[in-house]
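Read through the structure below, which is laid out as structure tokens, and then see the notes.
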Amino acid sequence: MVTIEQFIEQFLAAVDFQDPVEVKADTKLLDLPEWDSLAALATIVLFDTEYGKVIVGPDIAKCVTVGDLYALMG
């Protein structure tokens, strides 16, 4: 299983924010400047392609922090 640090790196690459952002496990998704439906879709694709895990919009909607997204891998 990947570490939270590895997940954050992959998450940042998948979402591809225009400006660099500092992200930690406790970073709130809604505090990220470009967190929107496209970022959520990129996260769904990340889970599918990198981890072989299927998540859907309602799974992401329940997440408040980046750590919550990471917990979806469990």
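The values are calculated or read from the model by the stated rules, or taken from the named source; none is laboratory data. Source: prediction; values computed, not measured. Don't worry about glycine lacking a Cβ; one is built from the backbone with ideal geometry, like all the others, and counts go over all protein chains shown. In case anyone asks, the SASA skips ligands and DNA or RNA and just uses the protein heavy atoms, side chains included. Shrake-Rupley method; radii C 1.70, N 1.55, O 1.52, S 1.80 Å.
Structure above, values below:
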{"read-out": "Cut-off 11 Å between beta-carbons: net charge of the residues surrounding Asp59, Lys and Arg +1, Asp and Glu -1", "value": "+1"}
{"read-out": "Ranked by how many other beta carbons lie within 10 Å on average, peptides 34-41, 63-70, 5-12 from highest", "value": "63-70, 5-12, 34-41"}
{"read-out": "Of the trypsin sites (Lys or Arg not before Pro) in region 1-55, those whose Cβ has at most 16 other Cβ within 10 Å and which sit in DSSP loop", "value": "Lys24, Lys53"}
{"read-out": "Surface accessible to a 1.4 Å probe, per residue, for the residues of the chain, Å²", "value": "63"}
{"read-out": "Of all accessible heavy-atom area on region 8-74, the percent that carbon and sulfur account for (1.4 Å)", "value": "53"}
{"read-out": "Those residues of region 49-74 whose amide nitrogen sits under 14 Å from the label point placed on Phe17, 7 Å along Cα→Cβ", "value": "65-67"}
{"read-out": "Cα convex hull of the chain - mean projected area over all directions, nm²", "value": "4.3"}
{"read-out": "Cα centre as origin, Lys/Arg/Asp/Glu Cβ charges: the chain dipole, Debye", "value": "280"}
{"read-out": "Largest-first ordering by accessible area, 1.4 Å probe, given options Val54, Val23", "value": "Val54, Val23"}
{"read-out": "Built amide H within the under 5 Å cut-off of Thr65, gap 5+", "value": "Leu29"}
{"read-out": "Relative contact order %, the chain, counting alpha carbon pairs below 8 Å whose residues are six or more apart", "value": "38"}
